[in-house]
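S.K.: Questions regarding the structure given below will be posed in turn.
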Amino acid sequence: MMQNFATPDQIIARARDATGRSDFGDDGYLEGLEILCRSASEEARFTDMGRAAFEGQLTDHLMQRLQVED
């Protein structure tokens, strides 16, 4: 069952918009983010609230990275 989960680009854009920052530093995090998003879309069985909460957690982690790196 495929869910409409946010793409890595969408989550990255949300973090940038929320912080007003853009420099994530090294891009070593991208592979893991892509795997998480693909897995969430293809394998997870989130409720709408669960999906929103998980996307929010990923966005929060990227916001923290932006604040440290930029």
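S.K.: With every protein chain present, what is the per residue accessible area of the chain (1.4 Å probe, Å²)?
M.R.: Solvent-accessible surface per residue comes out at 67 Å².
S.K.: To continue, here is another question. Could you compute the FRET efficiency for Glu69 and Asp48, with r as their C-beta to C-beta distance and R0 at 30 Å, rounded to 0.05?
M.R.: Calculated value: 0.40.
S.K.: What angle, in degrees between 0 and 90 and rounded to the nearest 10, separates the Cα long axis of helix 48-69 from the longest principal axis of the Cα atoms of the chain?
M.R.: 20
S.K.: In degrees between 0 and 90, to the nearest 10, how far off the longest principal axis of the chain does helix 8-19 point, with axes built from Cα atoms?
M.R.: Here the helix axis deviates by roughly 50 degrees.
S.K.: Moving on to the next point. Please state, to two decimals, what the Cα-based radius of gyration of the chain comes to when divided by 2.2 N^0.38 Å (N = residues).
M.R.: 1.10
S.K.: Just order 22-28, 39-45 by mean Cβ neighbour count inside 10 Å, highest at the front, would you?
M.R.: Order by mean packing, descending: 39-45, 22-28.
S.K.: Sticking with this structure for a sec: Taking Cα pairs under 8 Å and at least six residues apart, what relative contact order does the chain come out at, in percent?
M.R.: So the answer I get is 59 percent.
S.K.: Can you give me the angle between helix 30-42 and the longest principal axis of the chain, using Cα atoms only, in degrees from 0 to 90, rounded to the nearest 10?
M.R.: In the chain, helix 30-42 runs at an angle near 20 degrees to the longest axis.
S.K.: In debye, nearest 20, what is the charge dipole magnitude of the range 1-59 about its Cα centre with +1 on Lys and Arg Cβ and -1 on Asp and Glu Cβ, if you could check?
M.R.: Dipole magnitude for the range 1-59 comes out near 260 debye.
The values are calculated or read from the model by the stated rules, or taken from the named source; none is laboratory data. The structure presented is a predicted model; accordingly, all values stated were derived computationally and were not measured. Positions of Cβ are backbone-derived with ideal geometry, glycine not excepted, and every protein chain shown enters the neighbour counts. Calculation scope for accessible area: heavy atoms of the full protein, side chains included, ligands and nucleic acids excluded. Shrake-Rupley method; radii C 1.70, N 1.55, O 1.52, S 1.80 Å.
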